[in-house]
Amino acid sequence: MKNDSLKEFISKNREGFDAQTPPENLWQKIESALPKFPKQVFWNSVSFWRAAAIVLLGLSSYLFYVKNNTKVEKQDVAAMQGFSDLENYYSSQITEKMDLVSRYQSQTGLTEDEVTQNLKKLEAMYLVLKDQLKKRPTQDVRDALVLNLLVRIDLINQQLNKLDRPEKGEQKSI
Amino acid sequence: MDELIARCRGGDRQAHYQLYKLYSRAMYNVGYRIVNNADEAKDVLQDAFISAFNNLQSYRGDSSFGGWLKRIVVNKAINLVRRRRFERLPENENFDVKEEEVVDEFEGYPFEVEKVRRAIEQLPDGYRVVLSLYLLEGYDHGEIGEILGITESTSKSQFNRSKKKLKEILEGGNL
């Protein structure tokens, strides 16, 4: 292609061709037509993400709480049922045996000994544990309660044996 | 520039104003050369900036921001000219035109910026738009074809005719 003198002249003097000036008040018109609160400001703002984080945290905590509590309840329904069966059985055993002990004691005229006192202490501890079970129904507390009952039964059995023996001994001696 | 655009996307009005200050004069002249009067050039500039600011998310940065904005101005201005009934933008010729012999009709011509500028303003719409897009806005004939919906060769022949017409105006002495 041959030289284009017009093209050369215009590109050399390009700035001179932008002679027109836009009207002064045009920016105000443009500005007034722009959205006051652009959507992007909201989505990009720190406040939005802060709010979102708080909502998310709250929701997670709630779901965590609900989930865990439901789980505990479900597990505990079965565990508590098993536990109350055990408790009923051992408690009735203890009551029965303690009756026997008291009867022996009143018959023989023996006063409370160390074992009986220990049994009472264990019973007191048992009541404290029972109270704790209401607040915190965990397997540990239930285990401690069952152990308490078993130790008491064991002690009562020993006591009964002790009380039984002199009687037998007396019979033998007679 | 990227930071300024990011601030605009975030709704920073000060950043919008800075972009306007940077580009308003150049863009006003782009629009003015196409529509050829101050009132419509003002409307074009206003519409183009509002449209650009509202659609900044579609600017991907693969071209310069000025180039992207210029294309918006050009399209708005051409739409305005198209709505005029009395003058028409070039249309495709119905038959293949033999490529005209390109002659440098302005060889040694004593140009003056002001005279050339005013002569361009006196060109009919169809000639002025093609000549301005090619010589002042820096589009090639392929791009002009795309903008105006005509073929590249139509753009070329229209440009050659517009140069002849421009020379007539310049030599007519009514400037």
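We did not get these values from a lab; they are worked out from the coordinates using the rules stated. Only a predicted model underlies this, so the values are computations on that prediction, with no experimental measurement involved. Neighbour counts are summed over all protein chains in view; Cβ atoms, including those assigned to glycine, are modelled from backbone coordinates with ideal geometry.
Annotations for the structure displayed:
- GNM remark for chain B: springs join alpha carbons under 10 Å apart, and the peak mean-square fluctuation among B:Tyr139, B:Tyr28, B:Tyr109 falls on B:Tyr109.
- Listed by Cβ neighbour count within 10 Å, with the fewest neighbours leading, A:Lys130, B:Lys70 appear as A:Lys130, B:Lys70.
- Counting, for every residue in B:5-16, the Cβ atoms of other protein chains within 10 Å of its Cβ and taking the mean gives 3.
- For peptide A:12-21, the mean count of partner chain Cβ atoms within 10 Å of a residue's Cβ comes to 6.
- Among B:Gly149, B:Gly31, B:Gly108: highest mean-square fluctuation, GNM of chain B, C-alpha pairs under 10 Å: B:Gly108
- Span from the region B:1-72 Cα centroid across to the region B:101-175 one, whole angstrom: 26
- Neighbour counts of C-beta atoms inside 10 Å place B:Arg7, B:Arg33, A:Arg50 in the sequence A:Arg50, B:Arg7, B:Arg33, starting with the fewest.
- Dividing the mean sequence gap of close Cα pairs (under 8 Å, 6+ apart) by how many residues chain B holds gives a relative contact order of 21 percent.
- Size descriptor, Kirkwood hydrodynamic radius, that averages inverse alpha-carbon separations across chain B, Å: 17.5
- Here the translational diffusion coefficient of the protein assembly as shown follows from Stokes-Einstein with Rh set to the Kirkwood radius across Cα pairs; for 37 °C and 0.692 mPa s it amounts to 113 µm²/s.
- By the count of neighbouring beta-carbon atoms within 10 Å, fewest first, A:Arg152, A:Arg14 end up ordered A:Arg14, A:Arg152.
- Test item: B:159-172 mean partner chain Cβ contacts at 10 Å: 1
- Square roots of 5 times each gyration tensor eigenvalue, C-alpha, region B:29-92, largest first, Å: 23, 13, 10
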